[in-house]
Amino acid sequence: MELQNTVKNALNALYHHPDDTIRMQADRWLQDFQRTLDAWQVADNLLHDSSSNLETLIFCSQTLRSKVQRDFEELPSEAFRPLRISLNTLLKKFHKGPPKVRTQISIAVAALAVHVPAEDWGDGGIVNWLKDEMSSHPEYVPGFLELLTVLPEEVFNYKISARPERRRQFEKELTSQMEVALSILTTCLENSELKEQVLEAFSSWLRLRHGIPGSILASHPLVLSALSSLNAELLSEASVNVISELIHYTAAGSSGGISVQMPLIQVIVPQVMSLKAQLRDPSKDEEDVKAIARLFADMGDSYVELIATGSDESMLIVQALLEVASHPEYDIASMTFNFWHSLQAILTRRDSYTSFGNETSMEAERNRRLQVFRSAYESLVSLVSFRVQYPQDYQGLSYEDLMDFKHTRYAVADVLIDAASILGGDATLRILYMKLVEAVSFCGNEHGEWRPAEAALFCIRAISSYVSIVEAEVLPQVMSFLPKLPQQPQLLQTVCLTIGAYSKWLDAASSKICILPTVIDILMRGMGTSEDSAAAAAMAFRHICDDCRRQLCGYFDSLFPIYHGAVNGEGSFKVSAEDSLHLVEALSMVITQLPPDHAKKAVERLCFPVVNPLQDAINQGLEMLEKKPAREFTVHIDRLAYIFRYVNHPEAVADAIRSLWPIFKAVFDLRAWDMRTMESLCRACKYAVRTSGRVMGITIGAMLEEIQGLYLQHHQPCFLYLSSEVIKIFGSDPSCADYLKNLIEALFRHTACLLTNIKDFTSRPDIADDCFLLASRCIRYCPQIFITSAIFPALVDCSMIGITVQHREASNSILTFLSDIFDLAKSSKGEHYVSIRDSVIIPRGASLTRILVASIAGALPSSRLETVTYALLALSRAYGLQSLEWAKDSVSLIPLTAVTEAERSRFIHALSDAASGKDINSLMAPIEELSDVCRRNRTVQEIVQGALRPLELNLVSVS
């Protein structure tokens, strides 16, 4: 009683106390209370207590529901009957409400049914028990109907901590009782007041997709009742839900598929088709129109394979879907978008026609179908293209509304791409060009309306990948319009993006017409108009320099001032520092096309305006250098990184990094404490190494010496990352072996000292991530250095400490490193070092396996399961019977209360199959099942982790 009063007081404080701190304390206490064993009895007592207020009833019903779902195993087996009696009494007590409480009690009863075998409910399981209760107590039928509704929904509720085997069993129990459930609902249908509730329950049972033949359902009273409601004055939401579920049901493989369900389809489709006229009925409520549109969209999605045959009947559905697509409300029209995409995929996919035999017949049928659907997709282009137009009040849109508008444009662009896949890009372009011609006329009127032209160009840009680069009819006209359009910022932004999208066409066309100077002039205007148009122009400039580089390399001197102005922020350009990188990339691509001698001079010119500010900063002395924010360095260093990355002239880049090394070394020495500057500088060095490779000469030695020394002082993870790039390029070079061995031993030895326990991994996940990425790269590129090194065993020990770190990238890098070790024999370079590997792994095998099993069983999040499983299966493949013994020893530590003998056996059998060489993908299910079982609730997870103790390593000492 004292605890019950404490709960009431805490709830009163949570909902009514004026002090936020007190409310938070009350909330925390109540959450902790819900996890206790006492919560069962207290929640039950307060629900039966007639003096409990609504807040108490809602909290206690939620508590009891979650306890049944998650903590049912806390109760002794004999507690089932009293719990069922209590919940049944509560279901009757609240049969008229409050609705929230009744729903929670219903879910609790359904969750109980998931946990407990059917025979515990009596003959026929919970459905027959429910039938008997409803017959004996007709006054409580509304409450029982809610239970009947939620029952099949709980099959798919993974909050319930039932074992996977029991969950599958429950689904079978319910599907076997489908006819009993439908007979209960049919009886309840006689009471007209219960009709909505009955139909909602029916739609819930249909989601089980149990294979009742269409011939039976076609004349079933529940189906006929739902169909008759479609034509009522007020459209019934429950009826629409039933018809929607029936449509999905008829197409589901588990219900026998379309051929078995055809009698039902032949009843449903005409009834839904009869609603088509209501789509345009102005007297219809918008929610009703939305419901009707949803049924048409469901038919399209479910019967798309049938519709794709292009029969006369299917084209009637297509016409109805075009009607939906034409609806002025986007939320309604967009319901069809998935159908148009699925239909396009079927029509264009080769395997849709394999049943037609030879290639000639297949191609003939493909052409016939494309012709049949041509006019529908032509109409679709016209119907959706206007939806991308900026609203009149676009400047006053909230951030959320602006995001919604952008998502609408992306969705419409996808539909246009689907249409272009059917019609061809050139044909789609012709339709959109007519929209542009019409829109351009608006630009010249007295109001200067720019929005239709912007919308048309957005659509033309969307299909750019599908328009042929030799198109000569429409695109020259489009390009001729662009210089004449108003300088409105949004319109200019889209103009620039359209130019960039057609860069390949511009490359092909410029050999016939002198067009590049005009579009570059437009892009320069874009760079000077607004930040958004400048960003679009910079990106377009990059595309043009990439695709038209052969023609532009003779104009480098003319292009350089654009780059110089943007990088230095001179003149009227509004290009941000981030967007200026597009211009750096653009000029770098043009330089790639130059002959080597010219390229070296061009790289010098490109670097000059970037290097000067860095040199000026260094000249100001140490004190000033340390005070400067990182951005004052990174903005320039990032530009150099792009030059090194995109100038594909190894000698030119090697010369550049050689001349710049004194500046780089000064920044390394004076800013090594600053992670952001170091990351930027290491990225620039990485690209220099990647482009120059072995041409880099002595600069690479100086660079590695620098980062090796600085890593010992400042522990910057990016130093490891840069070393990883060096290993990739120089790892197999015998002349570098001694140098690289010293490097990696120094880096790994120091890292192992930094990561001595799981707390170190948690506080320094970036170091762990980059360390084991580097280690994996060593396995791939220089196993002869790494595996034979004295640091290898220490690094394996280090990895075992860190496997269970919760940081995703760090954990994945460690697991990948271990998988690479286990898979060593797969690579030609690594197979020579298997015996050395075995001398390290075998003494640690038992502990390693235990940690990996613990990770599967809950030490790591379930999202990491695939990576852990691969590592464990790779270990099994590498060590065969020995690894099975390790695995058996590990799972035997888990008490039988948590994992049954059968579940252990299935898991070990999967590992045995892996050891014998079976396909790993087919072995995931039993491992996922063990994971599921061990994570089913907090108590079990704690028991399992307490048994496996992944953080307590009992390593065999290795001499």
Counted residues in the range 527-555 being over 20 Å from Glu454 (Cβ atoms) and not aromatic (Phe, Trp, Tyr) come to 12
Taking the range 847-890 and keeping only residues that are open to solvent by 40 Å² or more (accessible area, probe 1.4 Å) and either touching a residue at least 60 places away in the same chain (Cβ under 8 Å) or within 18 Å of Ile787 (Cα to Cα) (or both), one is left with Ser862
Go through the range 636-662 residue by residue and tally those that are buried (at least 18 other Cβ atoms within 10 Å of the Cβ) and either more than 39 Å from the chain's Cα centre (by Cα) or among the hydrophobic types (A, V, I, L, M, F, W, C) (or both). 14
Checking the structure you have, find out if any residue of the range 897-918 is within 24 Å of the chain's Cα centre (by Cα), among the hydrophobic types (A, V, I, L, M, F, W, C) and closer than 30 Å to Ser66 by Cβ. no
Would you tally the residues in the range 904-943 being surrounded by 14 or more Cβ atoms within 10 Å (Cβ to Cβ) and under 20 Å from Ser862 (Cα atoms)? 25
Anything in the range 390-411 that is surrounded by 15 or more Cβ atoms within 10 Å (Cβ to Cβ) and in a loop (DSSP other than H, G, I, E, B)? List them, or say none. Tyr390
So which of Cys514, Cys496 is of a type outside the set (D, E, K, R) and buried (at least 23 other Cβ atoms within 10 Å of the Cβ)? Cys496
Return yes or no: is Cys736 over 17 Å from Val840 (Cβ atoms), open to solvent by 70 Å² or more (accessible area, probe 1.4 Å), assigned to a helix (DSSP H, G or I) and without any contact (Cβ under 8 Å) to a residue 12 or more places away in the chain? no
In the range 230-264, the residues that are modelled with pLDDT of 85 or more, of a type in the set (A, V, I, L, M, F, W, C), within 16 Å of Met299 (Cβ to Cβ) and over 32 Å from the mean Cα position of the chain (by Cα): Met262, Leu264
When you check Ser204 against the structure, is it of a type in the set (Gly, Ala, Ser), at pLDDT 90 or above and either touching a Leu at 6+ places or on another chain (Cβ under 8 Å) or over 18 Å from Trp340 (Cα atoms) (or both), yes or no? yes
Answer yes or no as to whether Leu90 is in contact with a Cys (Cβ under 7 Å, 6 or more places away or on another chain) and touching a residue at least 40 places away in the same chain (Cβ under 8 Å). no
Only one of (1) small (Gly, Ala, Ser); (2) outside the structural domain of Tyr158 (by the TED database); (3) assigned to a helix (DSSP H, G or I) is not met by Ser86, so which one is it? (2)
Going through the range 95-141 in order, the residues found to be open to solvent by less than 10 Å² (accessible area, probe 1.4 Å), farther than 19 Å from Ser161 by Cα and touching a Gly at 6+ places or on another chain (Cβ under 8 Å) are none
Answer yes or no: is there a residue in the range 775-782 that is closer than 17 Å to Tyr870 by Cα, touching a residue at least 24 places away in the same chain (Cβ under 8 Å) and not assigned by the TED database to the domain that holds Glu952. yes
On the given criteria, is Ser183 more than 23 Å from Gly253 (Cβ to Cβ) and either open to solvent by 10 Å² or more (accessible area, probe 1.4 Å) or not in a loop (DSSP other than H, G, I, E, B) (or both)? yes
Of the candidates Ile85, Ile105, Ile126, the one satisfying the condition of being among the hydrophobic types (A, V, I, L, M, F, W, C) and over 43 Å from the mean Cα position of the chain (by Cα) is Ile85
How many of the residues in the range 465-481 are within 21 Å of Ser533 (Cα to Cα) and either buried (at least 20 other Cβ atoms within 10 Å of the Cβ) or among the β-branched types (Val, Ile, Thr) (or both)? 2
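Inspect all residues belonging to the range 286-306 and state whether any of them is open to solvent by 10 Å² or more (accessible area, probe 1.4 Å), basic (Lys, Arg), within 30 Å of Tyr377 (Cβ to Cβ) and touching a helix residue (DSSP H, G or I) at 6+ places or on another chain (Cβ under 9 Å).
yes
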Does Ser161 satisfy the condition of being surrounded by 15 or more Cβ atoms within 10 Å (Cβ to Cβ), touching a Phe, Trp or Tyr at 6+ places or on another chain (Cβ under 9 Å), part of a loop (DSSP other than H, G, I, E, B) and not basic (Lys, Arg)? yes
Can you pull out the helices (runs of 4 or more DSSP H) entirely within the range 539-595 that have at least 2 residues that are among the aromatic types (Phe, Trp, Tyr)? 556-568
Residues of the range 266-281 being surrounded by 15 or more Cβ atoms within 10 Å (Cβ to Cβ) and under 21 Å from Leu322 (Cβ atoms), in sequence order, are Ile268, Val269, Gln271, Val272, Met273, Leu275, Lys276, Gln278, Leu279
Of the residues in the range 342-389, those that are part of a helix (DSSP H, G or I) and of a type in the set (Gly, Ala, Ser) come to Ser342, Ala345, Ser352, Ser355, Ser361, Ala364, Ser375, Ala376, Ser379, Ser382, Ser385
So which residues in the range 289-316 are assigned to a helix (DSSP H, G or I) and more than 33 Å from the chain's Cα centre (by Cα)? Asp312, Glu313, Ser314, Met315, Leu316
Which numbered condition Asp298 misses (of (1) more than 18 Å from Val240 (Cβ to Cβ); (2) at pLDDT 95 or above): (1)
Could you say whether any residue in the range 798-808 is within 26 Å of Pro734 (Cβ to Cβ) and surrounded by fewer than 23 Cβ atoms within 10 Å (Cβ to Cβ)? no
May I ask you to verify whether Ile85 is out of contact with any helix residue (DSSP H, G or I) (no Cβ under 9 Å at 6 or more places or on another chain) and either at pLDDT 90 or above or over 25 Å from Ala113 (Cα atoms) (or both)? yes
The range 53-65 residues that are within 15 Å of Trp29 (Cβ to Cβ) and assigned to a helix (DSSP H, G or I), paired with ones that are among the small types (Gly, Ala, Ser) and open to solvent by 50 Å² or more (accessible area, probe 1.4 Å) (beta carbon under 8 Å, 6 or more apart): none
Residues that are in contact (Cβ under 8 Å) with a residue 60 or more places away in the chain: find the helices (runs of 4 or more DSSP H) completely inside the range 421-514 holding 1 or more of those. 451-462, 489-501
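What are the residues in the range 323-341 that are part of a helix (DSSP H, G or I) and surrounded by fewer than 18 Cβ atoms within 10 Å (Cβ to Cβ), if any?
As a first pass, look at the range 323-341 and keep what is part of a helix (DSSP H, G or I): 323-325, 330-341.
Matches in the range 323-341: Tyr330, Asp331, Asn338, His341.
The values are calculated or read from the model by the stated rules, or taken from the named source; none is laboratory data. Predicted model only: the values in this text are computed from it and were never measured. Every residue, glycine as well, gets a Cβ built from its backbone with ideal geometry; the counts of neighbours run over all protein chains shown. Calculation scope for accessible area: heavy atoms of the full protein, side chains included, ligands and nucleic acids excluded. Shrake-Rupley method; radii C 1.70, N 1.55, O 1.52, S 1.80 Å.
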